[in-house]
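Undergrad: Got a structure for you, written out below as structure tokens; questions coming shortly.
Just so it is clear, none of the values below were taken in a lab; they were calculated from the coordinates. On a predicted model such as this, the values are computed, not experimentally measured, just so you know. Here Cβ is always computed from backbone atoms with ideal geometry, including for glycine, and neighbour counts include all displayed protein chains.
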Amino acid sequence: MKTNEIIEKINKVENKRLENVHMLTKENSELKLHVPELPTKCPGLYWLETNTPNHVFENLEFPLEYQKGLVPISRIITSRTKYLPKINDGWHVVYNGMRKDVRSRIQSHLRKTGEGTGRLGLNAYPVLSKYDWRISFYLMDLEEYNLFSRIYENGWRTMYGWPALCRE
């Protein structure tokens, strides 16, 4: 794939992502994923966005009771300056990633506890539920995922900004 073809494809991914933006709901002060349009076990890219101010992330205290597998948000975010890629309506992308099961991966970022790969564990930080959160996604078939997901993910970060909660 040539550079201009990659750029064109990443722009198409961004446009498709913006067609698939969904608010996270709140139940008992916890963020929940209620998006029937997002199938289970479907590969693709996903984005987490919020209107949470930068200073809130910087001052988060790491919840020791949930520490296994949890990403230390305040340590990651304070190592960056002017870090949140802005979207013109006041939201900012704080995380993007790829997974063969986008729905379950987004849910893992909400859970307080869990095993395996690192997760944000947004519900382990009660103050974050005071703000609005939304997800967006770009779904692919398995062949496209296997061939291009890493290119799309890093290409998006290069073109639109590296989300604050993604490790470099």
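Undergrad: Here are some pairs, Lys41/Lys112; Lys26/Lys130; Lys9/Lys100; Lys32/Lys130; which of them have Cα atoms lying more than 18 Å apart in this structure?
TA: Too far apart for the 18 Å limit: Lys41/Lys112; Lys9/Lys100.
Undergrad: Extension gain Asp141-Glu37, at 0.36 nm per residue separation less the Cα-Cα distance, in nm?
TA: So the extension gain works out to 35.9 nm.
Undergrad: Name the residues whose placed amide hydrogens come within less than 5 Å of the amide hydrogen of Val94, ignoring near sequence neighbours (fewer than 5 apart) on the same chain.
TA: Leu48, Glu49, Thr50
Undergrad: Can I ask one more? Excluding residues fewer than 8 places away in the same chain, name every one of the aspartates and glutamates whose C-alpha is closer than 17 Å to that of Lys16.
TA: Glu5, Glu8, Glu37, Glu49, Asp141, Glu144, Glu153
Undergrad: Could you give the semi-axes, largest first, of the ellipsoid that matches the chain, computed as the square roots of 5 times the alpha carbon gyration tensor eigenvalues and rounded to whole Å?
TA: 25, 18, 15
Undergrad: Further, regarding this structure: If packing is taken as the average number of other Cβ atoms within 10 Å across a peptide's residues, how do 1-10, 150-159 rank, most packed first?
TA: Descending packing order for the listed peptides: 150-159, 1-10.
Undergrad: So for each of 21-33, 123-135, 42-54 I average, over its residues, the number of other beta carbons within 10 Å; can you give me the resulting order with the highest mean first?
TA: Highest to lowest by the protection proxy: 42-54, 123-135, 21-33.
Undergrad: Restricting to the chain, compute how many DSSP beta bridges are antiparallel as a %, nearest 5.
TA: Restricted to the chain, the bridges split so that about 95 percent are antiparallel.
Undergrad: Additional query: Could I have the simple spin-label model distance between Arg75 and Glu19, label points 7 Å from Cα toward Cβ, reported in nm to one decimal?
TA: Distance between label points: 4.1 nm.
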